[in-house]
Structure formats: C-alpha cells, structure tokens
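A quick write-up on the structure given underneath.
The values are calculated or read from the model by the stated rules, or taken from the named source; none is laboratory data. Note that the structure is a prediction, hence the values are computed from the model and not measured. Cβ atoms come from the backbone with ideal geometry, glycine included; neighbour counts cover every protein chain shown.
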Amino acid sequence: MAYKVITDCPVCSKTLKITKLQCSHCHTTIENEFELSKLASLSKDQLHFVEVFLTCRGNIKEVEKELGISYPTVRGKLTDIISSLGYVQKKKNEVDEKKIVTDIISSLGYVQKKKNEVDEKKIVTMLENGEITPEEAIKLLKEE
C-alpha cells in the first residue's frame, strides 16, 4: 500500500527530505537526496482544488460551478494555495498568477504549447475549412 508523502517531521516539524527510491518490480534501490514538487506540501483538499482549477483552465466561474462554492471562496482558496506554495503576494491581492499557473502545470509534467504551435493549428484549421488557400497557408506558416 502506498501512502501520501509527508513533508514535515512529526517530531520537530522541520522539512523532511526524500533519500531513498525503490523499484516496486525489481527492487533496485537508489539512495540520494531527492527534491519534492512544491505541490507535495499541499493538503488533499488543496490538491483537489488545484486539479479542478486546472481542469477548468483557471476560469474561476467554472470552478465555482464545479465545487459549488462562491467566487470569494474560490479566490480565498486560491490565495491560500499560492501562499502554501511559497509565493509572495505583491500587493494586497496581486500576485503573478500566470507564473504560478505555469509553474504548477510544469511541476505536474505537462508541457505548455508555444504560441506558434497554437497558431499553426489555427492555420491548418482555416485551410481545412476553406477559409484560406493552400498558398496563403504556406505564406502564413513561413511567417511564423
């Protein structure tokens, strides 16, 4: 049975470090100091909120509907999670939310598409829909 990784020592409350990894198939063991994701320090409820937030693509209104909570509650939970992850608020309620979302997405192992990848898909879609000619598509793709 696998347990959730604890990040703080139950005796002195200092941060624990991971020092051993083992393959469950062949039992190969690696010992060293390993870093945990910032997300490992979040509670189960906070992780659930992050998953819902990402699934809703950061749309707070959608998060409200999904969780059945009010807008201020969503903002409050988001602020608590941002603080738990170690990000400092710039002003009263101003944080670099784009950087935080980018960090969370990358720490989960997802790769964000670059702008030109999105534009290329849009050009291909326009070509498929007959909105532009093949020559126009080639020209637009070369400009990228």
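Listing for the model above:
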item	result
Matching entry among Val5, Val50 (being exposed (fewer than 12 other Cβ atoms within 10 Å of the Cβ), touching a residue at least 24 places away in the same chain (Cβ under 8 Å) and of a type outside the set (Gly, Ala, Ser))	Val5
Inter-residue pairs, beta-carbon under 7 Å, first without any contact (Cβ under 8 Å) to a residue 24 or more places away in the chain and part of a strand (DSSP E or B) and in the range 21-40, second of a type in the set (Phe, Trp, Tyr) and surrounded by 10 or more Cβ atoms within 10 Å (Cβ to Cβ), 6+ apart	Leu21/Phe34
Test: Lys98 is surrounded by fewer than 12 Cβ atoms within 10 Å (Cβ to Cβ) and either over 28 Å from the mean Cα position of the chain (by Cα) or modelled with pLDDT under 75 (or both)	yes
Complete set of residues in the range 10-47 that are hydrophobic (A, V, I, L, M, F, W, C) and surrounded by 11 or more Cβ atoms within 10 Å (Cβ to Cβ)	Leu16, Ile18, Leu21, Phe34, Leu36, Leu39, Ala40, Leu42, Leu47
